[in-house]
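The values are calculated or read from the model by the stated rules, or taken from the named source; none is laboratory data. Please read these numbers as outputs of a predicted model, since none were measured by experiment. No Cβ is skipped: glycine too gets one built from the backbone with ideal geometry, and neighbour counts run over all protein chains shown. We work out accessible area using only protein heavy atoms, side chains counted, and drop any ligands, DNA or RNA first. Shrake-Rupley method; radii C 1.70, N 1.55, O 1.52, S 1.80 Å.
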Amino acid sequence: MTKANSISLLEVRGVGRREPNRDNWLLRDIALNFEGGSRLAIVGPTGSGKTLLMRALARLDAIDAGEILWKGSPICGDAVPHFRREAIYLHQRPALFEGTVEDNLRLPFTLGSHRDREFSREIVYSLLAKVNRAESFLEQSARDLSGGEAQIVALLRAIQLQPAVLMLDEPTAALDDASTKMIEQLVSDWCDKSSSERAFVWVSHDKQQVGRLVAQVMVMSDGRLAAEADQRREQLP
Amino acid sequence: MKYLELSYLDVGLAAALIIINGVISIALGLKLGRLLLLASVRTILQLLLIGLVLESVFSLDKWYAVLGVLLVMTIIAGISAVGRTERRFRGAYIDSLIAVSCSSWIVAAYALLAIMRDIQPWYQPQYAIPLTGMILGNSLNGISLGMNRLTEQLATHRDQVEAMLTLGATRWEAARNSVRQAVHTGMIPIINAMMVVGIVSLPGMMTGQLLSGVSPLQAVRYQIVIMFLIATATALGTVGVVLLSYGRLFNADHQFLDTLISKTGNKGKGQ
């Protein structure tokens, strides 16, 4: 994953996680060095630990072994919200809040970690254009959105914050082809915009999607992560 | 002060009324006969037992005896509050005990040492035990409702809580809405009670004082005092337990420890 002029973002050293109150390991000896420009896919059978790994990377769950570094520093205590401002995890099930699409997009700006930023209609309008949505889409109730639209809103909510890393946990698993393509395009465009400083990791079951989107594939099996041999994939044009 | 002393015969005459319930149960095939009998026997035995305990504590008139009774009442209240909740988490009993004891004892101390400062000695069981008992009972209710609502909110809105965290929210920002709703739920019953007190029904303590010959105006003053005491204890207890629970369910790394919450099979009987 090392590239010329790329900067080290997320570094994972020997991370492990045990099943609560039991001895068996759910994640074991995970090592990753995630740099600017990384486009990584994680594949593997159901129950192999992909989601657990993504949650550990997003620091949503505690780990029992190893460490996770953000730009060379450990992520703990009050550094965690600031890390999550820059490295955003997107769940398979989009979680939207009561109110309109705009209310949902504005929500991050009410948080302390984004206090220095302001909601920008211009940025949102340009993103909406990419997903073929009119400006009036902002006034729709979040409750009335389809699954695909809800996932698009969740992704827009993250991308408008211009994070350095996106961690996408099967974001298109339950979506139709049109929504899937839009989400892929949004992520690809976001990454291309500043490719030496941005990176994403995408959990997917879809081999074609992996082929379209990523440069490197890793395989999760029984809680362990291994590189898939010679899996350099071409990126989308 | 004058009141009519009741004999065991009088009590028996009242107990005989339960036959009406029994007849209704038989006539409608409710099969409540055995339960009615058990409930009647428990009512008589439990109240006679507490009567005997209080009789001896009153006659002993020692501070340690009074504090002992209050301590037992507090522990039972703390345990009962958790017992009524629909979901539990490790440490819930400790949080409940801390919240119920701090809220009730602070308010009871204020009542005995500041409002009723002329009582000598301060631990007179005639005042200390019923006052603290009423405060505990209401604080317990608020604690139970507050804890139940908090765990319910967090468990059913887990995705939203985590979505907030993934967007850079602190643990407080992610939990604030649930905390606010839990405290609101815990405080509503006492506020409702204050709105209708004296209109819809006469409170138990006031009724008791009227029966024992206290003038209505004096009984009302006592009731006003107790309403404010229990409102304060309920607020303190609810806020206390909700904040303690929040501290257990979110760690310093701003992670929501949802796996700590487990269902009990209760239906959230906190009322």
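If a helix is a whole DSSP H run, which ones in chain B reach 20 Å or further along their own axis (Cα) and hold a mean Kyte-Doolittle hydropathy of at least 0.5?
Passing helices, by number: B:33-60, B:63-83, B:92-110, B:216-249.
Give the average, rounded to an integer, of partner chain Cβ atoms located within 10 angstrom of each Cβ in A:111-120.
Counting Cβ atoms of other protein chains within 10 Å of each residue's Cβ and averaging gives 2.
Could you tell me which of B:LEU4, A:SER113, A:ALA56 has its Cα farthest along the dipole of the protein assembly as shown towards the positive end, charges placed at Cβ (Lys, Arg +1; Asp, Glu -1), taken about the Cα centre?
B:LEU4
Run down the aspartates and glutamates and flag those whose C-alpha is under 20 Å from the C-alpha of B:LYS2, throwing out any fewer than 8 positions away in its chain.
Candidates past the 8-residue exclusion: B:ASP10, B:GLU55.
Compute the distance from the alpha-carbon center of the range A:129-192 to that of the range A:194-227, in whole Å.
So the separation of the two Cα centres works out to 19 Å.
If you place +1 on the Cβ of every Lys and Arg, -1 on the Cβ of every Asp and Glu, and leave all else neutral, what size is the dipole of the range A:8-227 about its Cα centre, to the nearest 20 Debye?
Approximately 380 debye in magnitude.
Under a point-charge model restricted to the Cβ atoms of Lys and Arg (+1) and Asp and Glu (-1), what is the dipole moment magnitude of chain B relative to its Cα centre, in debye to the nearest 20?
440
List, in the order given, every pair from A:LYS71/A:LYS193; A:LYS181/B:LYS263; A:LYS50/A:LYS193; A:LYS71/B:LYS263 whose Cα-Cα distance in the structure shown is over 29 Å.
The answer is A:LYS181/B:LYS263; A:LYS71/B:LYS263.
Expressed as a rounded percentage, what relative contact order does chain B have, with Cα pairs under 8 Å and six or more residues apart?
The normalised contact order for chain B reaches 29 percent.
What FRET efficiency do you get for B:GLN120 and A:ILE123 if R0 is 60 Å and r is their Cβ-Cβ distance, rounded to the nearest 0.05?
On the way: r = 73 Å, r/R0 = 1.21.
Calculated value: 0.25.
Which order do you get for B:SER40, B:SER201, B:SER144 if you rank them by accessible area with a 1.4 Å probe, largest at the top?
Order by accessible area, largest first: B:SER201, B:SER40, B:SER144.
Which of the peptides B:116-125, B:41-50, A:81-90 is most tightly packed, and how do the rest follow, judged by the mean count of other Cβ atoms within 10 Å per residue?
Put in order of decreasing packing, that is A:81-90, B:116-125, B:41-50.
Place a +1 charge on the Cβ of each Lys and Arg in the protein assembly as shown and a -1 charge on the Cβ of each Asp and Glu, then give the dipole magnitude about the Cα centre in debye, rounded to the nearest 20.
Working: 50 positive and 46 negative charges, 177 e Å.
Here the size comes out at about 840 debye.
Which residue, B:VAL197, B:THR234, B:VAL220, has the largest displacement toward the positive end of the dipole of the range B:148-239 when charges sit on each Cβ (Lys, Arg +1; Asp, Glu -1)?
B:VAL220
Mind checking which of B:LEU28, B:ALA114, A:VAL217 is farthest towards the positive end of the protein assembly as shown's charge dipole, using Cβ charges of +1 (Lys, Arg) and -1 (Asp, Glu) about the Cα centre?
Result: B:LEU28.
Out of the total accessible area of the protein assembly as shown (probe 1.4 Å, heavy atoms of protein only), what percent is carbon and sulfur?
58
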